[in-house]
2 protein chains.
Amino acid sequence: MTDPNSVGLVVPQTARFDQEIRLKSGACLPGFELVFETYGQLNAARSNAVLVCHALSGSHHVAGYYDAQQKKKTLGWWDNLVGPGKPLDTNKFFVVGVNNLGGCYGSTGPRSINPETGKPYGADFPLVTVEDWVEAQARLADRLGIGTWAAVIGGSLGGMQALQWTLAYPERVRHGIVIASAPRLSAQNIAFNEVARQAILSDPDFHGGHYYEHGVVPRNGLRLARMVGHITYLSDDQMAEKFGRQLRHGEHRFHYDVEFEIESYLRYQGDKFAEFFDANTYLLTTKALDYFDPAFDYGGDLRAALARARADFFVASFTTDWRFSPERSREIVYALLHNGRKVSYAEIDCDAGHDSFLLDAPHYHAALGAYLEGIAP
Amino acid sequence: MTDPNSVGLVVPQTARFDQEIRLKSGACLPGFELVFETYGQLNAARSNAVLVCHALSGSHHVAGYYDAQQKKKTLGWWDNLVGPGKPLDTNKFFVVGVNNLGGCYGSTGPRSINPETGKPYGADFPLVTVEDWVEAQARLADRLGIGTWAAVIGGSLGGMQALQWTLAYPERVRHGIVIASAPRLSAQNIAFNEVARQAILSDPDFHGGHYYEHGVVPRNGLRLARMVGHITYLSDDQMAEKFGRQLRHGEHRFHYDVEFEIESYLRYQGDKFAEFFDANTYLLTTKALDYFDPAFDYGGDLRAALARARADFFVASFTTDWRFSPERSREIVYALLHNGRKVSYAEIDCDAGHDSFLLDAPHYHAALGAYLEGIAP
């Protein structure tokens, strides 16, 4: 049975870029590949393209599925948003998802072969920044013949990329859509990232980042990193509602196996993640988060930093998001308004914390859908 | 130079209990030792004794110092509260600090020799609960000839013990003083504890809890556990104020060494803690936190659970404490008031988060001091 609102079976593509890319750190990659997917049709005017930027653990696989027999298991991470008749309507828009540079889903990253050594880059893969990702994505846009994006959209770290697009290429983005994001990490945000990193870096199986050669992965470290992360993705209230103090066996058993259901949930999430995600990519992605700070070169003045933007904006935050609270989104909105930008802002009442941006909370998709509907194709 | 407000040089004492203690888990210890300190003089009526209960990383060393040349380094953890002329005035009260059963500061715990094997208990040390701690403390009270405490006081996990005292021995506590505490952990609280535990349990140097025999300690795991803990002890605001995005070198250097000052702080706290604290004690203490739930046997009804209490109460919370928020303290206050208890409650405006209870924020010590002043010796 086909779902008329699904983009259906999709196949990723790979774009190879042979021109070197100089990164913000000063390091240089001689060339690179990006894995991407597209949904919908680019119109004749090439004016209906929307770029979807992914967050920490996301990928180019935004919508549709890889296997009709295993739809649910192979579904894109934002499939509830992207498709025919969905808020980001592929009947109207040509949607592009891309795995970022340094990722572990096929784009050039730590798992790739370093042409200089013939071995995987591992820890030698340079640190990449949000700015570098946008630079790489711009080359993909050139390749696809997309001069101007109708919109660049992302949640969390993806929202930072959307914001960065409007600053790096003000004339190439008509609408910046920044969801559950922040203009820069707080000390607490960095602190959580640092714990995650230390968990990986101190895992004996990390081998200084060259674990591929040792035939192991720093599974424990990655698992711990993900467990910490998960706590910050959920709201306190939602955890209380979903798990509370529910006991696995209805009684206290006085051991270190699972007693409370929340323990089981966290272990499961950690184990699952450690099965497939690459630890070096996790490390460099948390660093990209830490470094992102468009106001850095403006003495911390976000208003001055955002003066370059020419896009219109849709910004959304979620009331129970304590990782990137509504206050952080309001900082962005304020700085944009200060610069006379057209900004729509929705503060959504949703109990799912930071992860709300991945869900289809009714008011959220309604507000976002209404905004997207107003964008000329 | 002597400080007239200090209890001065102190020496810990050890009490040996040869009668077995049956723990809540069903396990049994054939006997045990408790290390404790006392400050001030027990009056003739034996009516002026105050028990100070410690939190996760605290000890019996509440006030004074061990070395006059190294006062600051050897100062008790609540020295700002306890001493002659201080809020918990040792001119009036006989104050007792005790290291809990299972601790690592001298009381019987995982580092102690298991009489059955002749080797350290390690992972074989039974899990202990807040109820067990109170039971052991009651034996110490008997030994010291203290029939009734003028007050039992504690912050965080210490506050849980103070509350438990008023339930286990309603007639032996005149005043329960519960600071920055909660009637039970939330799912989020348990989640953070679980990450800390998994960090220790998955450290290859943990050796199933028998690391003493291997001549190592699970330093990495303990370090990570403490780093996670520290994030939850501080408020977001305080972290922002104290560290913000301050860079170690004034610029981004694109490596995994310390970039931001908050990273340096966390690593330092983790390293320092891992130097001296025992991982098995850390594990069992987090479990004691998880298990504490006086309402468990009352279908979750805290009001019913607290009906036994006969003490008067002072409860305090801190506005920026997101580990045990004011809301959690209000639950205790509400349940006590429901039972007609006399309750004083102070919600203190302090930016230091959960750790506020260890500081001498002016309104805090003023409120607590006023309450203590009202207690008949």
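So that you can scan it fast, the table gives a plain yes or no per residue for (1) away from chain A (no Cβ under 11 Å); (2) buried (at least 23 other Cβ atoms within 10 Å of the Cβ):
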site	(1), (2)
B:Gln161	yes, yes
B:Gln164	yes, yes
B:Tyr169	yes, no
B:Leu185	no, yes
B:Val195	no, yes
B:Ser202	no, no
B:Gly208	no, no
B:Gln238	no, no
B:Lys242	no, no
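Residue-level analysis places A:Gly145 outside the set of residues that are open to solvent by 10 Å² or more (accessible area, probe 1.4 Å) and either closer than 25 Å to A:Thr285 by Cα or in contact with a Ser or Thr (Cβ under 6 Å, 6 or more places away or on another chain) (or both). Sub-8 Å Cβ pairs linking a first residue in segment B:1-17 that is in contact (Cβ under 8 Å) with a residue 12 or more places away in the chain and in a strand (DSSP E or B) to a second residue that is open to solvent by 20 Å² or more (accessible area, probe 1.4 Å) and not charged (D, E, K, R), at least 6 apart or interchain, are B:Leu9/B:Tyr65; B:Leu9/B:Tyr66; B:Leu9/B:Ala68; B:Gln13/B:Thr38; B:Thr14/B:Gly106, ordered by first then second residue. List the residue pairs whose Cβ atoms are under 7 Å apart, where the first residue sits in segment A:59-82 and is farther than 12 Å from A:Val95 by Cα and of a type in the set (A, V, I, L, M), the second is open to solvent by 60 Å² or more (accessible area, probe 1.4 Å) and not in a helix (DSSP H, G or I), and the two are 6 or more positions apart or on different chains. Partner pairs satisfying both residue conditions: A:Ala68/A:Leu9. Taking segment A:42-58 as the range and being small (Gly, Ala, Ser) and touching a residue at least 60 places away in the same chain (Cβ under 8 Å) as the test, the residues that pass are A:Ser47, A:Ala49, A:Ala55, A:Ser57, A:Gly58.
Here A:Asp79 fits the description: under 17 Å from the mean Cα position of the chain (by Cα) and open to solvent by 10 Å² or more (accessible area, probe 1.4 Å).
Taking segment A:82-128 as the region of interest, how many residues are open to solvent by less than 10 Å² (accessible area, probe 1.4 Å), farther than 19 Å from A:Ser59 by Cβ and not small (Gly, Ala, Ser)? The number of residues fulfilling the criteria is 1.
Within segment A:216-232, the set of residues being in contact with a Gly (Cβ under 6 Å, 6 or more places away or on another chain) and open to solvent by less than 20 Å² (accessible area, probe 1.4 Å) comprises just one member, A:Met227. With respect to (1) surrounded by fewer than 23 Cβ atoms within 10 Å (Cβ to Cβ); (2) facing chain A (nearest Cβ under 9 Å); (3) in contact with a Gly (Cβ under 7 Å, 6 or more places away or on another chain), the lone exception for B:Tyr212 is condition (2). So which residues in segment B:18-40 are within 14 Å of chain A (Cβ to nearest Cβ) and open to solvent by 30 Å² or more (accessible area, probe 1.4 Å), if there are any at all? Residues satisfying the conditions are B:Arg22, B:Lys24, B:Ser25, B:Gly26, B:Ala27, B:Cys28.
Checked against (1) more than 9 Å from chain B (Cβ to nearest Cβ); (2) hydrophobic (A, V, I, L, M, F, W, C); (3) more than 21 Å from the chain's Cα centre (by Cα), A:Leu289 passes all but condition (3). Only one entry of A:Glu251, A:Glu261 meets the criterion of being open to solvent by 10 Å² or more (accessible area, probe 1.4 Å) and within 9 Å of chain B (Cβ to nearest Cβ), and that entry is A:Glu261.
The values are calculated or read from the model by the stated rules, or taken from the named source; none is laboratory data. Source: prediction; values computed, not measured. Methodologically, a virtual Cβ is constructed for each residue, glycine included, from the backbone with ideal geometry; neighbour enumeration extends over all protein chains shown. To get the accessible areas, we keep the full protein, side chains included, count just its heavy atoms, and leave off ligands, DNA and RNA. Shrake-Rupley method; radii C 1.70, N 1.55, O 1.52, S 1.80 Å.
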